[in-house]
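This report refers to the structure that appears directly beneath it.
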Amino acid sequence: MAPLITVDRLTKDYRLTVRREGVKGGIVDLVRPRKRILRAVDEVSFTIDPGEMVGYIGANGAGKSTTIKVLTGILTPTSGEVRVGGLVPYRQRQSYTRHIGVVFGQRTQLWWDLAVVESFRLLQRIFEVPEDRYRSQMAFFAELLGIDEFLNQPVRKLSLGQRMRCDLAAALVHEPRVLFLDEPTIGLDVVAKENVRGFLRRARDTLGVTVILTTHDLGDIEQLCRRVIIIDHGKVLYDGLLEDLRRGPGHRLRLCLDLAEPVTAAALAAATRDLPVQWESDGAHRHCALFSRAETTAAAILSRVLAAHRLRDMALTEPAIEDVVRRIYREGLQPGQEANLE
Amino acid sequence: MSELVLAPWRRAPGASLRLYLGFARLAFLKYLAYRLRYYTGVVSYTIFVTGNAYLFRALFASRPETAGGVEIGGFTLPEMITYIAVSWIGRSFMFNNIDRTLAHQIQQGEIAMQLIKPFHVQTVTMFEAAGEAGFRLLLFTLPIMIVVVPLFDIGGPPRAALYGWTLLSFLLGMVINCQLNFLVGCLAFYLKNIDGVIRAKAITLDFLAGVLVPFSFFPGWVQTLAAWLPFQGLSYVPVMIYLGKRAGPDLASALLVQAAWAIGLFLAGRLLWARAVRSVTLQGG
């Protein structure tokens, strides 16, 4: 399938003024300010197909928001090219923004002093949404987001969760082809987060919109995105399936066993000496085996252990995606994962 | 398969006007919600006019009586008091905080929320200002007139037709003021701290617009300077029209110069905006 979004060697530099120290430095600054170039995004390239929902993640200052701002036409890149559906966001801003929806979690696009419904009516006019489409979209939002409950309240009186629901609806009321979400769950409580994620799943499936999602909450990514792009210091570190990231050879599963009788770790190690397993013990009854899916299986370990011991309970845990990502930020990619880099 | 293409999209001109009028309407509603804030303004504007009126009464009283009555800078005392009252009434209508609001939006990065919408931000700003001006006219300027006009026994212009020309001139003044404020607000893209600039502009404007004192009180070179700047179009020009001191070709050229400034400054704002948006970093990246 032809891509909807093409980002080709996108680079964005910011010029910063660096202050000198002391009174003398301050005076020198007045006459000859010292400028420093900060490269926020460094030759980033990727493509996204229609209907994909991609997680775009990275630590603070990694270049996520800058990329989103270029993709939404707010910023002009220093070099490189961005095309979305044949349009260049920062050159054909008015034409382009008709086709996209944007949610910045930290800001609202609703008119602060007005009732929510006034904002929606204005958006209808801005995007020229026909009345019947408008009504069916609003019915969809009422059903999934429950925004009909506070349509007549001023935006400033909404809770953060209510406001976010309204902002999501506002970003989709004109049925955009692409939806950009920058931290859509920031500051929300667990229930509100679940609501937002549930809604995004339904929106993706029902409306067929292409979504790029940046977030610090990897729970969002796990529940919504098959594909992730990890960016760090302005460069793409990883672009591939979330599943591959987790199942990569560097990442180990944990099989925890509760045994009926006390057993030493050495005894378990002996029982599984033909397998690449590492044992960790938590008391005489509880032991956990760490292993890589590429090297062995939980079944193999279990069969060795059960041959000699009685099992009371067991649990198999995947590596937390947080741990995987944290490790990538810290150490870069494990060998084996590099194959996924484009 | 060929690339999925988003259709280029343009709003029809009629739809554009309807949309932008929608912004004017919403601004009107917004200010209506905050109307209580303006009741105190009626009092303070009345105090400004009163203070200035007494100042000029004292000034005129200090001059020796001549055959044709006292006249300073070409003004009689009733004319002077009318000048003060009408210029403050006009100011109550055209004043706005576009510069402050825009600068705030730029500094806080909120302007991003406007840039992601298919409309022209400068035009939206202008129509919002028009909505605010509509609100001011009805719920601020009108109450001030109801208080000030009988209080100082302010007479009408020498000819009834001048009501219309004065109104037109004040409208042009309001447009000029909006464009100036927009330009100053845009400077926030380049300056870290814009508050000082905004304050300096406000003071300069009241002086160079002729709200405080008519230019004929000043030396010739100040008058020449003022004539070459857009600021006199905010207050001095419309009030002089009201007083009947601009007639015939003078009246026409005064209005044309105002219109020229309004258009010129709008284009300057367009240019500055386009440049600033392309080249400048927004906060919160």
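The values are calculated or read from the model by the stated rules, or taken from the named source; none is laboratory data. Just so it is clear, the structure is predicted and the values come from calculations on it, not from any experiment. Here Cβ is always computed from backbone atoms with ideal geometry, including for glycine, and neighbour counts include all displayed protein chains.
Within the range A:115-125, the set of residues being touching a Leu at 6+ places or on another chain (Cβ under 8 Å), buried (at least 20 other Cβ atoms within 10 Å of the Cβ) and at the interface with chain B (Cβ under 10 Å from one of its Cβ atoms) comprises A:118, A:119, A:122.
Restricting the range B:93-151 to residues that are aliphatic (A, V, I, L, M) and closer than 13 Å to residue B:181 by Cα, the residue that is farthest from the other protein chains (Cβ to nearest Cβ) is B:94.
Would the range B:192-210 turn up any residue that is farther than 24 Å from residue B:105 by Cα and assigned to a loop (DSSP other than H, G, I, E, B)? Within the range B:192-210, one or more residues are farther than 24 Å from residue B:105 by Cα and assigned to a loop (DSSP other than H, G, I, E, B).
Here is a yes/no grid of residues against (1) assigned to a loop (DSSP other than H, G, I, E, B); (2) within 20 Å of the chain's Cα centre (by Cα); (3) of a type in the set (Val, Ile, Thr):
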{"site": "A:28", "(1), (2), (3)": "no, no, yes"}
{"site": "A:39", "(1), (2), (3)": "no, no, no"}
{"site": "A:54", "(1), (2), (3)": "no, yes, yes"}
{"site": "A:60", "(1), (2), (3)": "yes, yes, no"}
{"site": "A:83", "(1), (2), (3)": "no, no, no"}
{"site": "A:89", "(1), (2), (3)": "yes, no, no"}
{"site": "A:96", "(1), (2), (3)": "no, no, no"}
{"site": "A:106", "(1), (2), (3)": "yes, yes, no"}
{"site": "A:110", "(1), (2), (3)": "yes, no, no"}
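Scanning the range A:136-171 for residues that are of a type outside the set (D, E, K, R), out of contact with any helix residue (DSSP H, G or I) (no Cβ under 8 Å at 6 or more places or on another chain) and either on the phi > 0 side of the Ramachandran plot or part of a helix (DSSP H, G or I) (or both) returns A:136, A:139, A:171.
In the set (1) in contact with a Pro (Cβ under 6 Å, 6 or more places away or on another chain); (2) surrounded by fewer than 21 Cβ atoms within 10 Å (Cβ to Cβ); (3) not basic (Lys, Arg), residue A:210 fails one condition alone, (2). Counting only residues that are among the small types (Gly, Ala, Ser), within 15 Å of residue A:238 (Cβ to Cβ) and surrounded by fewer than 22 Cβ atoms within 10 Å (Cβ to Cβ), how many does the range A:45-68 have? Count: 2. Here residue A:147 meets each of (1) within 25 Å of residue A:186 (Cβ to Cβ); (2) over 28 Å from the mean Cα position of the chain (by Cα) with one exception, condition (2). Identify, from the list A:6, A:72, A:17, the residue that is in contact with a Lys or Arg (Cβ under 7 Å, 6 or more places away or on another chain) and either modelled with pLDDT of 90 or more or surrounded by 13 or more Cβ atoms within 10 Å (Cβ to Cβ) (or both). None of the other options fit; the residue is A:6. Checked against the criterion of being surrounded by 20 or more Cβ atoms within 10 Å (Cβ to Cβ), under 30 Å from residue A:113 (Cα atoms), under 23 Å from the mean Cα position of the chain (by Cα) and at pLDDT 90 or above, the candidates B:85, B:27 yield just one match: B:27. When restricted to residues that are more than 12 Å from the chain's Cα centre (by Cα) and among the acidic types (Asp, Glu), the range B:161-208 contains 1.
Among the residues of the range A:194-222, those identified as part of a loop (DSSP other than H, G, I, E, B) and closer than 24 Å to residue A:329 by Cα are A:215, A:216, A:217.
Scanning the range A:283-309 for residues that are in a loop (DSSP other than H, G, I, E, B) and either within 39 Å of the chain's Cα centre (by Cα) or surrounded by 15 or more Cβ atoms within 10 Å (Cβ to Cβ) (or both) returns A:283, A:285, A:293, A:294, A:295, A:296, A:297, A:309. Could you check, for the range A:223-234, whether at least one of its residues is of a type in the set (D, E, K, R), in contact with a helix residue (DSSP H, G or I) (Cβ under 9 Å, 6 or more places away or on another chain) and either in a helix (DSSP H, G or I) or not assigned by TED's automatic domain parsing to the domain that holds residue A:47 (or both)? The answer is no, given that none of the residues of the range A:223-234 is of a type in the set (D, E, K, R), in contact with a helix residue (DSSP H, G or I) (Cβ under 9 Å, 6 or more places away or on another chain) and either in a helix (DSSP H, G or I) or not assigned by TED's automatic domain parsing to the domain that holds residue A:47 (or both). If you go through the range A:248-282 and keep only what is free of Cβ contacts under 8 Å to residues at least 24 places away in the same chain, within 27 Å of residue A:322 (Cα to Cα) and assigned to a loop (DSSP other than H, G, I, E, B), you end up with just A:276. Which one is farthest from the other protein chains (Cβ to nearest Cβ), of the residues in the range A:70-105 that are among the hydroxyl-bearing types (Ser, Thr, Tyr) and more than 28 Å from residue A:160 (Cβ to Cβ)? Ranking the candidates gives A:79 first. The residues of the range B:208-250 that are at pLDDT 90 or above and farther than 27 Å from residue B:52 by Cα, listed by number, are B:249, B:250.
For (1) at pLDDT 90 or above; (2) farther than 30 Å from residue B:12 by Cα; (3) surrounded by 23 or more Cβ atoms within 10 Å (Cβ to Cβ), each residue gets a yes or a no:
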| site | (1), (2), (3) |
| --- | --- |
| B:130 | yes, no, no |
| B:133 | yes, no, yes |
| B:148 | yes, yes, yes |
| B:152 | yes, yes, no |
| B:178 | yes, no, yes |
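Selection of the range A:175-193 for residues being assigned to a strand (DSSP E or B) and of a type in the set (D, E, K, R) yields only A:182. Any chance you could count how many residues in the range A:239-266 are out of contact with any His (no Cβ under 8 Å at 6 or more places or on another chain) and either at pLDDT 90 or above or of a type in the set (Lys, Arg) (or both)? Number of matching residues: 8. Among all positions in the range A:132-149, there is no residue which is β-branched (Val, Ile, Thr), touching a residue at least 12 places away in the same chain (Cβ under 8 Å) and within 13 Å of chain B (Cβ to nearest Cβ).
Taking the criterion of being in a helix (DSSP H, G or I), within 24 Å of residue A:107 (Cβ to Cβ) and among the polar types (S, T, N, Q), the residues of the range B:90-110 that qualify are B:101, B:105, B:107, B:108. Would the range A:1-8 turn up any residue that is more than 11 Å from every other protein chain (Cβ to nearest Cβ), in a strand (DSSP E or B) and within 27 Å of residue A:226 (Cβ to Cβ)? Within the range A:1-8, one or more residues are more than 11 Å from every other protein chain (Cβ to nearest Cβ), in a strand (DSSP E or B) and within 27 Å of residue A:226 (Cβ to Cβ).
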